[in-house]
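Structure first, commentary second.
The values are calculated or read from the model by the stated rules, or taken from the named source; none is laboratory data. Computed from a prediction, not measured in an experiment: that's the story for all the values here. Please note: Cβ atoms are built from the backbone with ideal geometry, for glycine as well, and neighbour counts cover all protein chains shown. With ligands, DNA and RNA removed, areas are computed over all heavy atoms of the protein, side chains included. Shrake-Rupley method; radii C 1.70, N 1.55, O 1.52, S 1.80 Å.
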Amino acid sequence: MPMIEREIQSGEALQVGNYEITPQAQLYRIRIPGCRAALAWNRPHAVIVRNEDGSEEVLPVRDVTREVIWSILAGGLLGTLLIMLMKRAR
Amino acid sequence: MTDETNSNELENTGLDRYQETMEEFLSAADVRVVYGEPIQHNDTTIIPTAEILCGLGFAVGSGSGTDTGHNPDNPSVGKGSGGGGGGRILSRPVAVVVASPEGVRVEPVFDVTKVALAGLTALGFMVGMTFRMSSKRRALTSVED
């Protein structure tokens, strides 16, 4: 069994008005070797929309909160490094 | 010897059952848990989506020992086994899928509290590091003086 397993799963298509919506989820299964523990991380990946003319559109599901949090933390780390470099240069 | 073998068999059976439970738990994680039931409101249908993180772990153990300290002629033998496990499920809304006659769009969910907490953490880290560096410099200057 692999330690980290990644899978994109498609759910059942849903008919909403003239659109057919197929949800997709991204699943990570993590098994920790040496101990009997497992982690499953399931998040929405995208929504496939089929219009009545048959054309398909893929709408990715963005996790804005996570993106902003990582940006803030990266900015904080970068800011600290810059302050350290500036103080050393003086 | 027989007791020890029985104990090991019991332990292995328990471990196998736990392993099966874990595999069932992992296979239960699928697309249905991420997308909620559609909510109809007039012409608009809303499908909530969430991120699910779940963890599970367990362990079993057994041991035995012989005490010859009190009575070396007739040592007392003791053994025991035990096990435990736990798990946690975390859920967080990520976005909502809005389907209306105008089209289908994905509206992200913005968690202001989490972002504010991250911002305060980053700010605290920056201020802390700056103060630490200033106090080190001041300490060095006073030593030189």
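Miscellaneous remarks
- Placing A:66, A:29, A:90 in order of accessible area, with the largest value first and a 1.4 Å probe, yields A:90, A:66, A:29.
- Rounded to whole Hz, the Karplus (6.51, -1.76, 1.60) HN-Hα couplings of the range B:45-50, x for glycine and proline: 10, 10, 10, x, 10, 9
- Probe 1.4 Å, all protein chains present, accessible-area order of B:18, A:28, largest first: B:18, A:28
- On Cα atoms only, tilt of B:112-144 relative to the major axis of chain B in degrees: 70 degrees
- Taking B:38, B:108, B:75 in turn, the Gaussian network model of chain B (Cα-Cα springs below 10 Å) assigns the largest fluctuation to B:75.
- In the protein assembly as shown, the DSSP-assigned H stretches of four residues or longer account for a calculated mean residue ellipticity at 222 nm of -13500 deg cm²/dmol, using -39500 (n - 2.57) per stretch and the full residue count as denominator.
- Relative to the longest principal axis of the Cα atoms of chain B, the long axis of helix B:2-28 lies at roughly 10 degrees.
- Charge sum, other residues only, whose C-beta stays under 14 Å from residue A:73's C-beta, Lys/Arg counted +1 and Asp/Glu -1: +1
- Diffusion constant of chain A at 10 °C, which comes from Stokes-Einstein with the Kirkwood Cα-pair radius and 1.306 mPa s, µm²/s: 93 µm²/s
- Solvent exposure, largest accessible area first (probe 1.4 Å, DNA, RNA and ligands not counted), of A:53, B:30, B:73: B:73, A:53, B:30
- Euclidean distance between Cα centres, the range A:15-90 to the range B:16-57, Å: 17 Å
- Debye-formula intensities of the protein assembly as shown, expressed as log10 I(q)/I(0) at q = 0.09, 0.10, 0.14, 0.18 Å⁻¹, are -0.68, -0.76, -0.99, -1.25 (one equal scatterer per alpha-carbon, no solvent).
- Taking the inverse of the mean reciprocal distance over all distinct Cα pairs, the Kirkwood hydrodynamic radius of chain B comes to 22.6 Å.
- Residue-wise HN-Hα couplings along the range B:92-105, as the Karplus relation 6.51 cos²θ - 1.76 cosθ + 1.60 with θ = phi - 60° gives them from phi, are 8, x, 10, 6, 10, 9, 10, 10, 10, x, 6, x, 10, 9 Hz; Gly and Pro carry x.
- Close amide H contacts of residue B:111 (hydrogens built in the peptide plane, cut-off under 5 Å, sequence separation of 5 or more or a different chain): A:65.
- In order through the range A:48-60: 3J(HN,Hα) via Karplus (6.51 cos²θ - 1.76 cosθ + 1.60), integer Hz, x for Gly, Pro: 9, 10, 10, 7, 5, 7, x, 6, 10, 9, 9, 9, x
- Using alpha-carbon coordinates, inclination of helix A:64-89 to the longest axis of chain A, degrees: 20 degrees
- GNM result for chain B, Cα springs below 10 Å: residue of B:98, B:112, B:60 fluctuating most strongly: B:112
- Comparing mean-square fluctuations of B:91, B:76, B:62 from a GNM of chain B with C-alpha springs under 10 Å, the top value falls on B:76.
- Per residue solvent-accessible surface (Å²) - chain A, probe of 1.4 Å: 62 Å²
- Convex hull volume per residue for the range A:1-42, taking Cα atoms only, in Å³: 63 Å³
- Here residue B:141 sits with roughly 60 square angstrom of accessible surface, probe radius 1.4 Å.
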